């Protein structure tokens, strides 16, 4: 149930999953959250980045041509209309640790928090004519590799313990066989110790 100070803001149309806003500017976290609830603000117009930044125009020569998504990977096909300066790309995906981005023929691209919760990436300038570039975002749980290492160490420890137990049991069987197969001296019938013989049979 909604409290009195809560409100729901309806947009006439849904935002694109990834797009190039018209402007980029800096804002504090409180300002970002306040602007998100401003009904008069067009979220497509500006990308709000943390820190003190001057409002600058975002070159409108890049556009998102195709988007492919899975649970841990996003592939964006970017196209340009000609030579283009550095442009901010906004991706409406939650900004959490574990995401990394790689641009085709451009190397690693830093992901920054934008609009209080989303992801922003600055696509480097390109002086080439119209062309396409692939941008790939991957998500890996921060504890994924340490978890895999602990899992492998656990398997190695289990195998070592199993091998140790196998050698211990094999040694016990060998000792028992040696006791059974050891040569016995001939004892005259009148010198038999019946209780000792029964104890040996019981131990076997």
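The values are calculated or read from the model by the stated rules, or taken from the named source; none is laboratory data. No experiment lies behind these values; they were computed from the predicted model shown. Glycine gets a Cβ as well: all are built from the backbone with ideal geometry, and neighbour counts include every protein chain shown.
With respect to residue 123, is the statement that it is buried (at least 18 other Cβ atoms within 10 Å of the Cβ), at pLDDT below 95 and within 25 Å of the chain's Cα centre (by Cα) true?
Values: buried (at least 18 other Cβ atoms within 10 Å of the Cβ): yes; at pLDDT below 95: yes; within 25 Å of the chain's Cα centre (by Cα): yes.
Criteria met by residue 123.
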Just one of the numbered conditions (1) in contact with a helix residue (DSSP H, G or I) (Cβ under 7 Å, 6 or more places away or on another chain); (2) over 29 Å from residue 130 (Cα atoms) is not true of residue 48; which one? (2)
Does any residue in segment 3-27 that is more than 17 Å from residue 46 (Cα to Cα) and in the same structural domain as residue 52 (by TED's automatic domain parsing) come within less than 7 Å, Cβ to Cβ, of a residue that is surrounded by 13 or more Cβ atoms within 10 Å (Cβ to Cβ) and at pLDDT 90 or above six or more places away or on a different chain, and which pairs are these? none
